[in-house]
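What follows is a short report on a single structure.
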Amino acid sequence: MSSNEYEIHQCIGKGNFGDVYKATQKSSNSVVAIKVINLDESEEDISVLIQEIHFLSKLRSNYITRYYETFISDMSMWIVMEYCGGGSCADLLKCHKKLNEETTAFIIRDVLRGLNYLHEENNLHRDIKSANILLTSAGEIKLADFGVSGEITMTQLKRNTFVGTPFWMAPEVIVRQKTGYNEKADIWSTGITTIELVTGSPPLSQYDPMKILFEIPKKRPPLLTGLDFSENIKDFVRYCLIKDPKKRPSSSTLLHHKFVKNIKRSVNILRLIEEKDEWFAKHQKYAKKPKYPLKPDVEKNDDMNSLIKWEFNTRNSFNTRIFEMEQTLLENSPNVIPSVRISSADQNVSVSPLKSPVSQAKSPSFSIAPTSPLSPLTPGPVTSSSSEQPPQSSPKAAPLSQEQSPVDAVHRKSRPVNFLDDVLLYCLEGLYNRARAPSTKATVRKLMQNFMEYEAEQPGLTQAFIEEVLILKNVGISSISR
Amino acid sequence: MAFLFKRNPKTPQDLIRALNEQIAKLDLGGDNIKKYQDECARYLKQIKVILHGDDENDPQPDQISLLAHEVYSTDCLYNLIYNLKKLDFDSRKDVVILFSTLLRRQIGNASPTVEYLINGKPEILIWLIKGPESSETGLVCGQILRDCIKFEVINRFILVNPLFWNYFKYVQSPVFEIATDAFVSLHDLVTTHKKLVSEFLANNYDNFTTSINQLIQSNNYVTKRQSVRLLAELVLQRQNQYFLNRYFDDTNNLKLIMLLLSNKSKNLQIEGFHIFKFFVAKPKKSQRILDILIKNKENFIAFFQNFNITSFNDSNLIDERDYILTEIQKLPDIERIN
């Protein structure tokens with residue numbers, strides 16, 4: 001199951017969180033509607049959408065827009081539903097202004113059948129009105145825009161976040177809000193929709209919907225009056241609009257009402273749809289532009305596309321790029337020695353395999369002695385990014401590639417040791433490598449420069465300082481307390 | 001609706017017996033499947049009326065009691081679950097109603113259906129656990145299973161069964177509804193009974209962490225987001241203390257969560273943050289965790305400077321981000337010597 005199985009045609013609707021497309025399933029050549037919801041843009045909790053899909057997948061009725069399947073493509077959810085090519089009853093009203101009683105009865109009968117199915121399953125529609133009654137190109141009637149939130153089956157952009165639309169809302173829905181009403185609320189809305197279909201608009205629609213909202217529970221129920229209408233339809237509407245939901249009949253009872261029971265075969269809904277399509281072709285010229293244009297589906301592994309180069313190795317390394325290179329080198333070359341630090345160099349240790357204290361330092365990317373042979377860890381391109389390098393301690397640092405570690409030298413005291421270059425600056429370079437932030441590195445660099453200056457001013461200062469540290473080391477750092 | 005009741009079984013016992021007969025015929029198959037399906041559908045509708053009444057009649061406790069006894073003694077629930085696929089689409093939902101109503105039935109403190117499922121016919125539970133293996137009936141089984149695990153004994157029965165671990169496979173099913181429904185079940189199994197779960201997580205730390213980490217690395221956006229969300233829920237549970245301590249000491253976990261922070265999805269970043277914050281805020285961090293945090297200090301600071309959460313309108317989130325950023329800034333700038 002993937003988006004490749006469908007050929008996407010034009011965008012046919014826009015919702016808050018996604019666009020609806022007409023599409024063809026390639027294997028079956030059948031036309032479907034696909035709602036594409038960008039999950040990363042949607043503020044709706046994914047679990048609510050999933051709940052909605054589970055709900056839809058448990059419904060199977062000829063009077064309800066059918067759900068087919070869902071799949072995930074990148075960050076979008078594609079929901080495949082039945083395509084209703086005939087538009088909505090609200091579209092019919094736009095063109096024909098009002099419908100005759102026979103046509104209305106034909107539509108309302110199937111609305112009741114759809115509701116009967118939903119209600120038997122203990123579900124509510126919550127938003128019955130002409131805009132949510134769709135027509136297939138074969139002239140069948142289907143309920144849409146239902147479900148837990150109505151989000152998925154929604155065919156049009158909702159302007160208010162209310163559940164339901166005020167003109168069609170049952171009094172108990174307004175008074176008790178979300179909890180205290182049942183399936184009878186849909187019956188009220190069906191009554192209002194009946195009035196809407198035969199007159200062109202629901203009662204009170206000349207007023208501001210938010211202002212009349214609290215009038216509905218106070219007012220007497222609307223009535224269908226006038227000589228234009230038969231007693232049957234007036235009676236049907238009167239039943240639907242009984243204020244007390246307990247006394248209002250159920251959908252199964254209403255299906256026995258004369259208004260919907262004796263429907264003439266002369267109803268030609270296809271002609272009405274055709275005329276509507278012609279009317280729309282004249283009056284609505286522009287196609288809908290999707291809010292979130294579809295991007296080609298690229299299969300990719302997210303974790304490989306991390307926006308940040310994290311460092312996960314627990315060994316020291318300079319940055320991830322180098323870490324990666326280092327890892328491959330470590331795996332491939334046996335002559336690379338893991339870094340050995342002063343702390344691990346006891347009296348007898350021989351660090352001779354190390355070319356220089358610097359090249360054994362953790363970061364292969366900087367070398368204090370550019371003339372020293374490149375270690376296997378320093379591939380060309382990395383060393384070339386020399387802007388990050390610490391200051392060169394002194395030209396004398398170059399011969400650091402002697403066979404001895406400074407620690408070794410300190411202990412043997414047989415050969416002259418340059419305490420500034422071999423010991424102090426070496427340690428500070430280690431510190432430089434361990435520093436994470438550029439500012440810390442800068443501080444260490446300053447310290448190095450300062451020591452060079454002090455040594456120039458007071459030759460021997462470094463040696464004395466190191467001796468002090470070594471004495472302390474022998475005494476044991478923990479024993480110092482002042 | 002009187003016409004429906006012509007030549008109908010008189011008593012609840014007769015009704016259940018008649019239903020069992022039709023199911024047996026369905027099971028055998030043959031040409032008359034549709035006829036048997038319709039018969040089953042009709043009997044199930046009548047059972048629904050006995051259990052819940054209709055417009056004219058209220059449910060009668062003695063009738064329900066007779067019905068329940070007959071259901072247990074004839075293993076009717078087993079017959080129904082075993083042949084669920086052969087029942088028609090809407091009848092399957094009536095099976096859900098029968099199950100959930102019987103489950104809720106209590107005599108004193110005893111729940112006879114729960115007792116029956118655990119000691120009488122545990123095969124039913126096994127079938128339900130394997131529900132997601134059929135894309136046709138997976139959702140129905142899932143719904144019943146979740147009704148069952150509201151009872152701790154049944155939840156325990158499932159957690160100790162090796163079949164439980166199949167849920168980590170089911171949630172990756174290519175059929176979206178099956179995968180997501182199995183996830184709801186998985187979620188309920190490890191969140192409903194807090195004490196049971198804390199014990200389970202403590203005993204199965206390695207298996208569980210490996211399994212959920214695999215889901216977090218899924219390429220399916222929904223699987224990824226839901227599994228992180230589930231993990232976040234688990235780590236918020238104080239009872240899961242043992243699990244938490246181990247989880248937040250494991251560098252592999254930290255690594256996966258850091259990858260979420262750097263995911264291109266804004267929501268995954270947020271979900272990741274809700275776990276990441278505990279790695280940082282934990283008072284006694286293990287040295288290896290600390291090492292990774294220190295190593296990436298600049299990365300984190302850069303990340304939090306671009307961490308766009310204003311659209312979420314969540315002042316707690318902003319406070320938490322600021323707190324975590326401060327904690328990160330307090331981390332040492334110098335790495336530890338290995």
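Can you say whether B:Gln46 is without any contact (Cβ under 8 Å) to a residue 24 or more places away in the chain and out of contact with any Gly (no Cβ under 6 Å at 6 or more places or on another chain), as far as the supplied structure shows?
Details: without any contact (Cβ under 8 Å) to a residue 24 or more places away in the chain: no; out of contact with any Gly (no Cβ under 6 Å at 6 or more places or on another chain): yes.
Considered against the rule, which asks whether it is without any contact (Cβ under 8 Å) to a residue 24 or more places away in the chain and out of contact with any Gly (no Cβ under 6 Å at 6 or more places or on another chain), B:Gln46 comes out as no.
For every residue, the table says whether it meets (1) at pLDDT 95 or above; (2) farther than 29 Å from B:Lys86 by Cα; (3) part of a helix (DSSP H, G or I); (4) open to solvent by less than 50 Å² (accessible area, probe 1.4 Å).
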{"position": "B:Leu125", "(1), (2), (3), (4)": "yes, no, yes, yes"}
{"position": "B:Pro132", "(1), (2), (3), (4)": "yes, no, yes, yes"}
{"position": "B:Arg156", "(1), (2), (3), (4)": "yes, yes, yes, no"}
{"position": "B:Tyr167", "(1), (2), (3), (4)": "yes, no, yes, yes"}
{"position": "B:Asp181", "(1), (2), (3), (4)": "yes, no, yes, yes"}
{"position": "B:Leu186", "(1), (2), (3), (4)": "yes, no, yes, yes"}
{"position": "B:Leu196", "(1), (2), (3), (4)": "yes, yes, yes, yes"}
{"position": "B:Asn207", "(1), (2), (3), (4)": "yes, yes, yes, no"}
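For the stretch A:243-284, please list each of the helices (runs of 4 or more DSSP H) lying entirely inside it that holds at least 1 residues being modelled with pLDDT of 90 or more, over 25 Å from A:Pro222 (Cβ atoms) and in the same structural domain as A:Ile133 (by TED's automatic domain parsing).
A:269-283
Just checking, how many residues over the stretch B:147-190 are β-branched (Val, Ile, Thr), touching a helix residue (DSSP H, G or I) at 6+ places or on another chain (Cβ under 6 Å) and under 18 Å from A:Ile50 (Cβ atoms)?
Within the stretch B:147-190, the first condition is being β-branched (Val, Ile, Thr), and the residues that meet it are B:149, B:153-154, B:158, B:160, B:171, B:175, B:178, B:180, B:184, B:190.
Now drop any that are not touching a helix residue (DSSP H, G or I) at 6+ places or on another chain (Cβ under 6 Å), which leaves B:149, B:153-154, B:158, B:171, B:178, B:180, B:190.
Remaining after also requiring under 18 Å from A:Ile50 (Cβ atoms): B:171, B:178, B:180, B:190.
Result for the stretch B:147-190: 4.
Condition first: over 30 Å from B:Leu230 (Cα atoms), aromatic (Phe, Trp, Tyr) and surrounded by fewer than 20 Cβ atoms within 10 Å (Cβ to Cβ). Can you find one or more residues in the stretch A:17-29 that meet it?
So far as the stretch A:17-29 goes, no, none of its residues is over 30 Å from B:Leu230 (Cα atoms), aromatic (Phe, Trp, Tyr) and surrounded by fewer than 20 Cβ atoms within 10 Å (Cβ to Cβ).
Across the stretch A:1-52, what is the total count of residues that are aliphatic (A, V, I, L, M) and at the interface with chain B (Cβ under 10 Å from one of its Cβ atoms)? Talk me through it step by step, then tell me what you get.
Initially, the stretch A:1-52 is screened for residues aliphatic (A, V, I, L, M), giving A:1, A:8, A:12, A:20, A:23, A:31-34, A:36-37, A:39, A:46, A:48-50.
Checking which are at the interface with chain B (Cβ under 10 Å from one of its Cβ atoms) leaves us with A:1, A:39, A:46, A:49-50.
Result for the stretch A:1-52: 5.
Quick one: how many residues across the stretch A:114-126 are on the phi < 0 side of the Ramachandran plot, in a loop (DSSP other than H, G, I, E, B) and open to solvent by 10 Å² or more (accessible area, probe 1.4 Å)?
3
Could you list, in sequence order, all residues of the stretch A:73-104 that are within 14 Å of chain B (Cβ to nearest Cβ) and not hydroxyl-bearing (Ser, Thr, Tyr)? Quick ask: steps written out before the conclusion?
As a first pass, look at the stretch A:73-104 and keep what is within 14 Å of chain B (Cβ to nearest Cβ): A:73-81.
Residues satisfying the conditions are A:Asp74, A:Met75, A:Met77, A:Trp78, A:Ile79, A:Val80, A:Met81.
Among the numbered criteria (1) within 21 Å of A:Ala437 (Cα to Cα); (2) away from chain A (no Cβ under 11 Å), which single criterion is violated by B:Asp314?
Only one criterion in (1) within 21 Å of A:Ala437 (Cα to Cα); (2) away from chain A (no Cβ under 11 Å) is unmet by B:Asp314, namely (1).
Here is a check on your reading of the model: is B:Ile126 among the β-branched types (Val, Ile, Thr) and outside the structural domain of B:Asn219 (by TED's automatic domain parsing)?
So B:Ile126 fits the description; yes.
So A:Ala131 fits all but one of (1) at pLDDT below 90; (2) part of a helix (DSSP H, G or I); (3) farther than 24 Å from A:Ile174 by Cβ; what number is the exception?
Evaluating A:Ala131 over (1) at pLDDT below 90; (2) part of a helix (DSSP H, G or I); (3) farther than 24 Å from A:Ile174 by Cβ leaves (3) as the failure.
Give the residue that is nearest to A:Gly87 (Cα to Cα), with candidates limited to residues of the stretch A:250-283 that are more than 42 Å from the chain's Cα centre (by Cα) and surrounded by fewer than 13 Cβ atoms within 10 Å (Cβ to Cβ).
A:Arg271
How many residues does the stretch A:68-85 hold that are touching a residue at least 40 places away in the same chain (Cβ under 8 Å) and open to solvent by less than 40 Å² (accessible area, probe 1.4 Å)?
Matching residues across the stretch A:68-85 total 12.
The values are calculated or read from the model by the stated rules, or taken from the named source; none is laboratory data. These numbers were taken from a predicted model, which means no experiment stands behind them. We place every Cβ from the backbone using ideal geometry, glycine too, and count neighbours over all the protein chains shown. Heads up: the accessible areas ignore ligands, DNA and RNA and are worked out on the full protein's heavy atoms, side chains in. Shrake-Rupley method; radii C 1.70, N 1.55, O 1.52, S 1.80 Å.
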